[in-house]
1. Which of (1) within 16 Å of the ligand (Cβ to nearest atom); (2) modelled with pLDDT under 95; (3) not in a helix (DSSP H, G or I) is the odd one out, the single condition K151 does not satisfy?
2. Restricted to region 12-27, and to residues that are free of Cβ contacts under 8 Å to residues at least 12 places away in the same chain and assigned to a loop (DSSP other than H, G, I, E, B), which residue is farthest from the ligand (Cβ to nearest atom)?
3. Give L41, L50, L55 a once-over and let me know the one that is at negative phi, surrounded by 18 or more Cβ atoms within 10 Å (Cβ to Cβ) and within 16 Å of the ligand (Cβ to nearest atom).
4. Could you tell me which residue of region 87-114 is nearest to the ligand (Cβ to nearest atom), considering only residues that are in contact with a helix residue (DSSP H, G or I) (Cβ under 8 Å, 6 or more places away or on another chain) and assigned to a helix (DSSP H, G or I)?
5. Please tell me if V145 is within 24 Å of G216 (Cβ to Cβ) and assigned by TED's automatic domain parsing to the domain that holds A105.
6. Looking at region 139-166, which of its residues are open to solvent by 50 Å² or more (accessible area, probe 1.4 Å) and at negative phi?
7. Could you look through region 186-217, keep only residues that are touching a residue at least 60 places away in the same chain (Cβ under 8 Å), in contact with a helix residue (DSSP H, G or I) (Cβ under 7 Å, 6 or more places away or on another chain) and assigned to a loop (DSSP other than H, G, I, E, B), and pick out the one that is surrounded by the fewest Cβ atoms within 10 Å (Cβ to Cβ)?
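The values are calculated or read from the model by the stated rules, or taken from the named source; none is laboratory data. Bear in mind that the values here come from a model prediction, so they are computed numbers and not experimental data. When we count neighbours, we look across all protein chains shown, and the Cβ atoms used for this are built from the backbone with ideal geometry, even at glycine. Note: accessible area is taken over every heavy atom of the protein model, side chains too, but ligands, DNA and RNA are not part of it. Shrake-Rupley method; radii C 1.70, N 1.55, O 1.52, S 1.80 Å.
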Amino acid sequence: MSDDPETARQIEELAADDRPLLVLDVDDVVLEFVRPFPHFLKSRGFGLTLASFRLTGNIAETASGRLIEQPEVMALLGEFFDAQADWQSITDGAAEAFAALGDRAEIVLLTAMPHKHRAVRRAHLDALGLPYLLLTTEMAKGPAVAKLRGKEGRPVAFVDDQPSNLVSVQNSVADAYLFHLMADNSLRAFLPPVPDGIVVLQDWREAAPKIAAALGL
Ligand SMILES: [Mg+2]
């Protein structure tokens, strides 16, 4: 599986840490995405009607009804990420969960977004009181989590709302504890059942004790 060289470079910069590792997706795990994004789209003259668990094919220009193609979706996402401080708040219960976990685990946020948005997201997370390490990747998450883990045997837990990211980590780190958490559980209706070995969490209140138990905290 391919490795994102910029993500690898970001990981090289980190200090070694022996604590159990907790890797978290950002959009719809730590920060709200699917709730604010339609409001952003509306402000730009577009509408999101989720008929499947994807953006492309579900966003239309309001005036014409025209469904927009992938490059336009990516451009709007880029604008949204540039303006994320105006739109994205912390997901319900996440701050309390982090407080409960304290400094017993190394918490790393691994966000699949173009690297150019890293500084904006860093500043926004800091402003929200979330000083955790932040890595960006433009490729699969599995190799990044394997590299982050460092030495064999260090307990690893990974939380994401995208099943494909969970499967990627499952394929790269066979003994990782995997958790599927979605800021909006109604979207589960669009997804097939989660693959074996992945634990479904309804919210952060349920997540915190389960993650702590998995990591032996
Ligand atoms: Mg996400």
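1. Only one criterion is unmet by K151, namely (1).
2. Looking only at region 12-27, we keep the residues that are free of Cβ contacts under 8 Å to residues at least 12 places away in the same chain, and these are 12-13, 15.
Filter once more, keeping what is assigned to a loop (DSSP other than H, G, I, E, B): 13, 15.
Details: E13: 23, A15: 26 Å.
Checking each candidate, the answer is A15.
3. That would be L55, the only listed residue that is at negative phi, surrounded by 18 or more Cβ atoms within 10 Å (Cβ to Cβ) and within 16 Å of the ligand (Cβ to nearest atom).
4. Filtering region 87-114 down to residues in contact with a helix residue (DSSP H, G or I) (Cβ under 8 Å, 6 or more places away or on another chain) leaves 87-89, 91-94, 96-97, 100-101, 104-105, 107-114.
From the residues that got through so far, the ones that are assigned to a helix (DSSP H, G or I) too are 94, 96-97, 100-101.
Numbers: A94: 13, E96: 20, A97: 16, A100: 22, L101: 19 Å.
Applying the filter and picking the extreme gives A94.
5. On the way: within 24 Å of G216 (Cβ to Cβ): yes; assigned by TED's automatic domain parsing to the domain that holds A105: yes.
Answer is yes for this residue.
6. Scanning region 139-166 gives M139, K147, K151, E152, Q162, S164.
7. L191
Condition check ((1) under 25 Å from E206 (Cα atoms); (2) assigned by TED's automatic domain parsing to the domain that holds H115; (3) β-branched (V, I, T)) across all residues:
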site	(1), (2), (3)
D18	no, yes, no
V26	yes, yes, yes
K42	no, no, no
L50	no, no, no
G78	no, no, no
